[in-house]
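Asks: Mind having a look at this structure? Questions to follow.
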Amino acid sequence: MPKYTLSVNNKQLSVEVDADTPLLWVLRDHLNLVGTKYGCGVAQCGACTIHYNGSPVRSCQLPISAVGPGKVVTIEGLSENGDHPLQKAWIEMDVAQCGYCQAGQIMAAAALLKKNPHPSDEEIDTTITNICRCGTNVRIRKAIHLAASKGGKS
């Protein structure tokens, strides 16, 4: 099996896996970063969203062989103490119900706020395409606005 060295959450980590192994499974099964979730497996639901070179990516469809020297950030790396403005806003707005999709939602929202610190409702709705089966989309939008009002792109 080929060996890959990855930059994940500002650490250089090595794994030996098949070239077509999705990054999601490398993160979860080989690096024990289980915050990123498996949802649909076809890049539709967004539960597996991570940042790759600063952009939101569905890790279930990104083979390890395509990652290269790029920087990967998972929910564990968004902030050292889990105190990113979005994570605080999620708690304050009581967003999570089952919580399964929340890591992917927060990663997608963090990428949005980095590009657009004050998105409109329409921009949130068109950019955050992650699926929340609990239907907390209104609270997700409110949490994004709350984090934005507190400078949420850190």
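Asks: Using helices alone, what [θ] at 222 nm do you get for the chain, with -39,500 (n - 2.57) per DSSP H run of 4 or more residues, divided over all residues and rounded to the nearest 500?
Replies: The per-residue figure over the chain is -8500 deg cm²/dmol.
Asks: Ok, one more. Give me the tail of P(r) for the stretch 77-154 as a percent: Cα-Cα pairs with distance above 19 Å.
Replies: Tail of P(r) above 19 Å: 23 percent of Cα pairs.
Asks: Can I ask one more? Using a 1.4 Å probe on the protein chains only, how many percent of the accessible area of the stretch 1-128 belongs to carbon and sulfur?
Replies: Result for the stretch 1-128: 49 percent of the exposed heavy-atom area is carbon or sulfur.
Asks: Between 0 and 90 degrees, rounded to the nearest ten: what's the tilt of helix 102-115 against the longest Cα principal axis of the chain?
Replies: The angle comes out at about 80 degrees.
Asks: Let me ask you something else. Let me spell out the model: positive unit charges on the Cβ of Lys and Arg, negative unit charges on the Cβ of Asp and Glu, origin at the Cα centre of the chain. What dipole size does that give, in debye rounded to 20?
Replies: Dipole size: approximately 200 debye.
Asks: Let me ask something additional. Rg (Å, one decimal) plus Dmax (Å, integer) for the alpha carbons of the chain?
Replies: Rg, Dmax (Cα atoms, Å): 15.1, 48.
Asks: Using a 1.4 angstrom probe, figure out how much accessible area the chain has per residue, in square angstrom, rounded to the nearest whole.
Replies: 51 Å²
Asks: Follow-up. Roughly how many nanometres apart are two label points built 7 Å out from the Cα toward the Cβ at SER55 and LYS114?
Replies: Rounded to a tenth, the inter-label distance reads 1.2 nm.
Asks: Turning to a different aspect of this structure: For the full complex of protein chains and a 1.4 angstrom probe, list MET93, MET1 by accessible area with the highest value first.
Replies: Ranking MET93, MET1 by accessible area, largest first, yields MET1, MET93.
Asks: Put +1 on the Cβ of every Lys and Arg and -1 on every Asp and Glu Cβ in the stretch 1-45; which of LEU23, TYR4, LEU33 then has its Cα farthest towards the positive end of the dipole?
Replies: It is LEU33.
Asks: Roughly how far apart, in whole Å, are the Cα centres of the stretch 1-29 and the stretch 55-82?
Replies: Answer, in whole Å: 10.
Asks: Here's another thing I want to ask about it. Between ALA43 and LYS71, what is the spin-label point distance in nm, taking each point 7 Å from the Cα along the Cα→C-beta axis?
Replies: Output for this residue pair reads 2.3 nm.
Asks: Considering only HIS51, LEU62, GLY104, whose Cα is most displaced toward the positive end of the charge dipole of the stretch 51-108, charges sitting on Cβ of Lys, Arg (+1) and Asp, Glu (-1)?
Replies: Result: LEU62.
The values are calculated or read from the model by the stated rules, or taken from the named source; none is laboratory data. Just so you know, these numbers come straight off a predicted model, no measurement behind them. Using ideal geometry, Cβ is built from the backbone for each residue, glycine included, and neighbour counts are taken over all protein chains shown. Accessible surface is based on the protein model in full, side chains and every heavy atom, while ligands, DNA and RNA are left aside. Shrake-Rupley method; radii C 1.70, N 1.55, O 1.52, S 1.80 Å.
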